[in-house]
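Participant: Here it is, the structure, as structure tokens.
The values are calculated or read from the model by the stated rules, or taken from the named source; none is laboratory data. This is a predicted model, so every value here is computed, not measured. Please note: Cβ atoms are built from the backbone with ideal geometry, for glycine as well, and neighbour counts cover all protein chains shown.
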Amino acid sequence: MAAPFRVIIVGGGLAGLITGHCLAKAVIQFEILESRAKHDINAGASNALWPQSVRVFEQLGLLEEAKKLYTEVNYKQCVLADGTDFYKSEAFARVKALHGHPFMLFHRGELLDMLDRRLPERESRVHNNKMVKAIETGERGVKVICADGSAFEGSIVVGADGVHSTVQKLMEEKSPRPPPGEPMSTTYVGLYCSCTRLPNFETGTFYETHGPKFSLQLGVGNSRGLFVMYHRLETPTKARYRFTDEEKEALAAQYADTHITPDYTFKEIWKSALWAHAAHIEEGLVVKWYGDRIVLLGDNVHKMTPNVGFGFNNAIISAVALTNGLRRLILDKTRDGHSGDIDTDELTKVFADYEEIRKPEAKKFIQISDNYSRTVAWDNLLLKVVDRYITPFIHLDAFLLKQLMSPQVRQGLVLDFLEEYDFKEGKVKWKHPRQTLGKESEDEDDRAHQSN
């Protein structure tokens, strides 16, 4: 008798954990290999959920706890480097009116901790201190070998180990014709930090400083400020770089007197920092998403500037698309009595469909993020004029939200086998309507559960 279908997820960050949650609901066996010893709940700045992802969180049973952690953002307060207040936008509040669910802002560490704690059978499924060194693939399965000598066998590998992915490198080594060049490039350096909540921080406000070749963002969370600085490099690079503590401090010093709110300069935020990290902000869309029982997901394949908060949301929808495809394949094989006997060609078809669905959508989100990042950082004179004068005068950001971002948000996939009990819809109708389960779907779930 063939072994049950099993997924080996490499990477226990946000993308890997949300994939695990989706697979758990689909009754697909999985294990997660994470290179770190444990998560630091204080690490990270901000992450956001757009409404299409809120729908998925509700399906996964995570929304109620997420509501206890998030801050609802209503306003964006734009200032200049000297603290001049030049525009207050209600664009964030419009998100809820358009799509039913709000734009939800989180501290990254708290969101990661919640996804980790709430993962079903977490203790037996998540393996820490597992640095992947090799992947062996065959016609009926995979074997993942770690630096400590341990090995994990399964049916496929999902690479969710970030922009500098080990899984991607190992996958490309197996390809007879690896894609040319490195698709990810860096134009901006990001300085991320979380800080104590200062007295004049206004709850529900997202502060943003605009200036020549830089921008600053501060989201006011429930218990802390969540900060990102974007510093434009003189020349874009494709090289990987790790910042020293001295370089991080030098970058912070460069913007010490730049205002992030009308009341506070960056040096005041920096003094109250609880955690800080400097890193390149890569942008790009990977050419090859799968090969030989290996498939990539999240920042491995679609990386964008975080100004608009679309990065994790794309990872969520990719996890949904992949889970839907795998579940359908397993159910089809279960009907035939071969649930654990899935060959590479059948999996390749699922991976190809997943890429076909997600790659065009991810490309559009990358373009939106690219355009916004360069506009608020006044990449050229035209963008400065648009941002500084035209946007406040005609509320261009609200127009672009409705005409550019909202059409992409409405297309967000949902898990096609789970009920939506708290379905919400705003002025814009969802492309994928409310999910309801009939008797046939319940019978399919029973069969999948029995086979696994």
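Participant: What pairs can you find where one residue is in region 146-158 and farther than 23 Å from S318 by Cα, the other is crowded, with 18+ Cβ neighbours inside 10 Å and small (G, A, S), and their Cβ atoms are less than 8 Å apart, with a gap of 6+ or different chains?
Facilitator: Pairs that qualify, where the first residue is farther than 23 Å from S318 by Cα and the partner is crowded, with 18+ Cβ neighbours inside 10 Å and small (G, A, S), are E153/G141.
Participant: Can you tell me how many residues in region 187-207 are surrounded by fewer than 22 Cβ atoms within 10 Å (Cβ to Cβ) and over 25 Å from D245 (Cα atoms)?
Facilitator: Counting residues in region 187-207 that are surrounded by fewer than 22 Cβ atoms within 10 Å (Cβ to Cβ) and over 25 Å from D245 (Cα atoms) gives 7.
Participant: Please pick out the residue among F214, F227, F266 that is of a type outside the set (G, A, S) and under 24 Å from F103 (Cα atoms).
Facilitator: From the options F214, F227, F266, the qualifying one is F227.
Participant: When region 259-287 is examined, which residues are found to be under 30 Å from M184 (Cα atoms) and touching a Phe, Trp or Tyr at 6+ places or on another chain (Cβ under 6 Å)?
Facilitator: I260, F266, H277, A278, H280, I281
Participant: Given S165, S124, S155, S150, which one is hydroxyl-bearing (S, T, Y), closer than 25 Å to P4 by Cα and surrounded by 17 or more Cβ atoms within 10 Å (Cβ to Cβ)?
Facilitator: Numbers: S165 fails: closer than 25 Å to P4 by Cα; S124 fails: surrounded by 17 or more Cβ atoms within 10 Å (Cβ to Cβ); S150 fails: surrounded by 17 or more Cβ atoms within 10 Å (Cβ to Cβ).
Step by step, each of S165, S124, S155, S150 is checked, and only S155 is hydroxyl-bearing (S, T, Y), closer than 25 Å to P4 by Cα and surrounded by 17 or more Cβ atoms within 10 Å (Cβ to Cβ).
Participant: Follow-up question, since we're still on this one. Identify, from the list K88, K76, the residue that is among the basic types (K, R), under 22 Å from C193 (Cα atoms) and surrounded by fewer than 20 Cβ atoms within 10 Å (Cβ to Cβ).
Facilitator: K76
Participant: From the list A321, A256, A250, A278, which residue is surrounded by fewer than 18 Cβ atoms within 10 Å (Cβ to Cβ) and touching a helix residue (DSSP H, G or I) at 6+ places or on another chain (Cβ under 7 Å)? If you could, list the steps in order and put the result at the bottom.
Facilitator: Numbers: A321 fails: surrounded by fewer than 18 Cβ atoms within 10 Å (Cβ to Cβ); A250 fails: touching a helix residue (DSSP H, G or I) at 6+ places or on another chain (Cβ under 7 Å); A278 fails: surrounded by fewer than 18 Cβ atoms within 10 Å (Cβ to Cβ).
A256 is the lone residue from the list that is surrounded by fewer than 18 Cβ atoms within 10 Å (Cβ to Cβ) and touching a helix residue (DSSP H, G or I) at 6+ places or on another chain (Cβ under 7 Å).
Participant: Only one residue in G138, G149 is modelled with pLDDT of 95 or more and farther than 18 Å from E355 by Cα. Which one?
Facilitator: Going through G138, G149 in turn, the sole match is G149.
Participant: Counting only residues that are of a type in the set (K, R) and under 26 Å from the mean Cα position of the chain (by Cα), which one in region 127-147 is surrounded by the most Cβ atoms within 10 Å (Cβ to Cβ)?
Facilitator: K130
Participant: Given the condition out of contact with any Pro (no Cβ under 6 Å at 6 or more places or on another chain) and in a helix (DSSP H, G or I), answer yes or no: does some residue in region 253-264 qualify? If you could, list the steps in order and put the result at the bottom.
Facilitator: Just the residues of region 253-264 that are out of contact with any Pro (no Cβ under 6 Å at 6 or more places or on another chain), to begin with: 253-264.
Remaining after also requiring in a helix (DSSP H, G or I): 253-254.
Looking for residues that are out of contact with any Pro (no Cβ under 6 Å at 6 or more places or on another chain) and in a helix (DSSP H, G or I), one finds at least one in region 253-264, hence yes.
Participant: Of the conditions (1) crowded, with 24+ Cβ neighbours inside 10 Å; (2) more than 30 Å from F201 (Cβ to Cβ), I316 satisfies every one except a single condition; which number is it?
Facilitator: (2)
Participant: Determine whether region 90-105 contains at least one residue that is more than 21 Å from the chain's Cα centre (by Cα), assigned to a strand (DSSP E or B) and either modelled with pLDDT of 95 or more or closer than 17 Å to G20 by Cβ (or both).
Facilitator: no
Here's the yes/no breakdown for (1) more than 25 Å from the chain's Cα centre (by Cα); (2) outside any helix (DSSP H, G or I); (3) crowded, with 22+ Cβ neighbours inside 10 Å; (4) not assigned by TED's automatic domain parsing to the domain that holds L191:
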residue: D299; (1), (2), (3), (4): no, no, yes, yes
residue: L331; (1), (2), (3), (4): yes, no, no, yes
residue: D341; (1), (2), (3), (4): yes, yes, no, yes
residue: E356; (1), (2), (3), (4): no, no, no, yes
residue: D370; (1), (2), (3), (4): no, no, no, yes
residue: R374; (1), (2), (3), (4): no, no, no, yes
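Participant: Based on what the data block shows, is F86 in contact with a strand residue (DSSP E or B) (Cβ under 7 Å, 6 or more places away or on another chain), in contact (Cβ under 8 Å) with a residue 40 or more places away in the chain and assigned to a helix (DSSP H, G or I)? Lay out the reasoning, then the answer.
Facilitator: Numbers: in contact with a strand residue (DSSP E or B) (Cβ under 7 Å, 6 or more places away or on another chain): yes; in contact (Cβ under 8 Å) with a residue 40 or more places away in the chain: yes; assigned to a helix (DSSP H, G or I): no.
It is false that F86 is in contact with a strand residue (DSSP E or B) (Cβ under 7 Å, 6 or more places away or on another chain), in contact (Cβ under 8 Å) with a residue 40 or more places away in the chain and assigned to a helix (DSSP H, G or I).
Participant: Another one. Assuming K174 fulfils every condition listed in (1) farther than 27 Å from I41 by Cβ; (2) in the same structural domain as L274 (by TED's automatic domain parsing); (3) over 23 Å from the mean Cα position of the chain (by Cα) apart from one, which condition is it?
Facilitator: (2)
Participant: Let me ask something additional. Please verify whether region 198-214 includes one or more residues that are free of Cβ contacts under 8 Å to residues at least 12 places away in the same chain and in contact with an Asp or Glu (Cβ under 9 Å, 6 or more places away or on another chain). Please lay out each step first, then the result.
Facilitator: Filtering region 198-214 for residues free of Cβ contacts under 8 Å to residues at least 12 places away in the same chain gives 199.
Pick out the ones that are also in contact with an Asp or Glu (Cβ under 9 Å, 6 or more places away or on another chain) and you get 199.
Yes: region 198-214 contains one or more residues that are free of Cβ contacts under 8 Å to residues at least 12 places away in the same chain and in contact with an Asp or Glu (Cβ under 9 Å, 6 or more places away or on another chain).
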